[in-house]
Amino acid sequence: QVHLWESGGGLVQPGGSLRLSCGASGSIFSSYTIGWYRQAPGKQRELVARINSVGSTDYADSVKGRFTISRDNTKNTVYLQMNSLINEDNAMYYCTTAVNGRDNWGKGSLVTISS
């Protein structure tokens, strides 16, 4: 089992920035593909971005050009840099990875966009 934990959420004005962090347990962190998902109230959880073991990334169309996912394997951490935030980015953000066929999720970090 892999334990994941998110941090960095908070309240920010439209147009502002936040950086989320996803820490993970496990000695083979560098081999994990890590995904960031989000879930807004009343909506389904959706993929925001993911990064694989060699650093290849993909993004939801709604965040392309605004969000950047990266990883630091020396710190067992994946980051989600979020710029130009808009109201539609309001959500709980989760990181996840699948290991041995099992999905592992953190408890989430809340991002609130408000003026």
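The values are calculated or read from the model by the stated rules, or taken from the named source; none is laboratory data. The structure presented is a predicted model; accordingly, all values stated were derived computationally and were not measured. When we count neighbours, we look across all protein chains shown, and the Cβ atoms used for this are built from the backbone with ideal geometry, even at glycine. In case anyone asks, the SASA skips ligands and DNA or RNA and just uses the protein heavy atoms, side chains included. Shrake-Rupley method; radii C 1.70, N 1.55, O 1.52, S 1.80 Å.
Just a few scattered comments:
- Highest mean packing comes first when the peptides 12-19, 90-97 are listed by Cβ atoms within 10 Å, giving 90-97, 12-19.
- Loop-located trypsin sites (Lys or Arg not before Pro) in region 55-113 whose Cβ has at most 16 other Cβ within 10 Å (DSSP): LYS64, ARG66, LYS107
- Distribution of pairwise C-alpha distances over the chain, 5 Å bins, in %: 2, 13, 25, 26, 19, 10, 5, 1, 0
- Straight-distance crosslink candidates among aspartates and glutamates, where the alpha carbon sits under 16 Å from LYS43 and sequence neighbours closer than 8 are dropped: GLU88, ASP89
- For region 68-115: rounded, prolate or oblate by the Cα gyration tensor [a/c cutoff 1.5]: oblate
- Amide hydrogen neighbours beyond the local backbone of GLY26, cut-off 5 Å, H modeled: none
- Cross-link reach is defined here as a Cα-Cα straight distance under 16 Å, omitting same-chain residues fewer than 8 places apart; for LYS75 none of the lysines meet it.
- Accessible area per residue for the chain is 54 Å², calculated with a 1.4 Å probe on protein heavy atoms, without ligands, DNA or RNA.
- On the chain, 46 percent of the accessible area sits on carbon and sulfur atoms, based on a 1.4 Å probe.
- Tail weight of P(r) past 15 Å, computed on alpha-carbon pairs of region 1-58, percent: 63 percent
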